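Throughout, read-outs are computed from the coordinates displayed, never taken from laboratory work. The shown structure was predicted, so the numbers you read here are calculated from the model rather than taken from an experiment. Because the Cβ atoms are built from the backbone with ideal geometry, glycine has one as well, and the counts that use them run over all protein chains shown.
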Amino acid sequence: MASIRKYKKSGEKKVYYEFRIRYKDPITHKYKEKSKRGFTSAIEAQIAAAEEEKRILEGFEVNEKVYTLESFLTNWLLEYKKRFGP
């Protein structure tokens, strides 16, 4: 179940809403939390929370690909270069 909370950004009068969802990870059995902020209405936050809860209830996608260390490091290096330059 999601909780909806309203808040104000410092120095602003406009009210925003956020949602927080607390759930138990079926793989690690540890509690996790997801949240998102910046909604302009409580209804908007509730809709987004319901969609996120649906994704959580549908389960987690498991990546079944097996990578070698060489292919992992090659991919990592390419991504690193894209983000941080030559």
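Couple of notes before you dig in:
- Residue exposure proxy: Lys36, Lys6, ordered by other Cβ atoms within 10 angstrom of their Cβ from fewest to most, comes out as Lys6, Lys36.
- In degrees, nearest ten, helix 42-58 long axis to first principal axis of the chain (Cα): 40
- Of the Cα atoms belonging to the chain, the radius of gyration and Dmax stand at 18.8, 53 Å.
- CD proxy at 222 nm, helix term only [per DSSP H run n ≥ 4: -39500 (n - 2.57); per residue of the chain; nearest 500]: -13000 deg cm²/dmol
- Cβ-defined net charge surrounding Lys30, 15 Å radius [Lys, Arg +1; Asp, Glu -1]: +2
- Acute angle (nearest 10 degrees) that the helix 69-84 long axis makes with the longest principal axis of the chain, alpha-carbon atoms: 50
- Mean separation of Cα contacts under 8 Å, 6 or more apart, over the residue count of region 2-84: relative contact order %: 22
- Cross-link pairs beyond the 31 Å C-alpha cut-off, checked among Lys8/Lys32; Lys13/Lys54; Lys13/Lys36; Lys9/Lys34; Lys6/Lys54: Lys13/Lys54
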